[in-house]
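Structure, as structure tokens:
The values are calculated or read from the model by the stated rules, or taken from the named source; none is laboratory data. As the structure is a prediction and not an experimental result, all values here were calculated from the model. Because the Cβ atoms are built from the backbone with ideal geometry, glycine has one as well, and the counts that use them run over all protein chains shown.
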Amino acid sequence: MSCIIYGVINVKTKQPLKLPSSKLQKKPPFHIIKTPASALPSMAASAAAPATSLQFEPDCIFCQITSKSTSTTILYSDDKVIAFPDIRPSAFRHYLVIPVAHIPTVRDLQRKTEDYSLVCHMLEVGQTLLRRDAPQCQYRFGFHQPPMNSVNHLHLHCQAMPYTPSWKCMKYLSLGPLGFIEADKFLEKIKP
């Protein structure tokens, strides 16, 4: 059984959003790994409502992934988040967990129960996937802070060490308010 990918709808018209075929990625740049949604049952129950109302940004590659408009391999999905392999992995295993709702960056999250629950759920999904796929590795979880983020759609980096090649660790240095922030430290910042 393969995962279900939840589509994004136009909030006003309640109709599914479609993208022109010129925006679609033709082939996945990685191996296909399918996970039944039922394999991770406890995670769906733990997620709260997303931080913002469901939005779709047509030029956002991650919004296109959430709306099934690309051939990206989905490792996990529910009504709150989607997880998939990073197309430019920096570690032995490197996954991204994104909210279905378009939330631009960590700076758009606040000390609210909904935001805190969403990030906890993202972290739980990432931890579960890495424990399954790289059980003997050490893990790292975190977010790039603006202006260091590459895509303006909130995404949690879930990495099983080591970095490959080792110089890629430079992308994940903690540089105060501009660098990479570990997920547990970010959760402390937004804890209600």
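Scanning region 80-114 for residues that are crowded, with 23+ Cβ neighbours inside 10 Å and assigned to a helix (DSSP H, G or I) gives no hits. The residues listed here are Cys120, Cys158; of these, the one that is modelled with pLDDT of 95 or more, surrounded by fewer than 21 Cβ atoms within 10 Å (Cβ to Cβ) and either within 19 Å of Asp184 (Cβ to Cβ) or of a type in the set (Asp, Glu) (or both) is Cys120.
Selection of region 121-158 for residues being outside any helix (DSSP H, G or I) and under 14 Å from Ala91 (Cβ atoms) yields Ala134, Gln136, Cys137, Gln138, Tyr139, Arg140, Phe141, Gly142, Leu156, His157, Cys158. Residues considered: Ala37, Ala51, Ala45, Ala83. Of these, the only one that is at pLDDT below 95 and under 27 Å from Lys171 (Cβ atoms) is Ala51. Of the set (1) more than 13 Å from the chain's Cα centre (by Cα); (2) closer than 17 Å to Cys60 by Cβ; (3) among the hydroxyl-bearing types (Ser, Thr, Tyr), all apply to Thr105 but (1).
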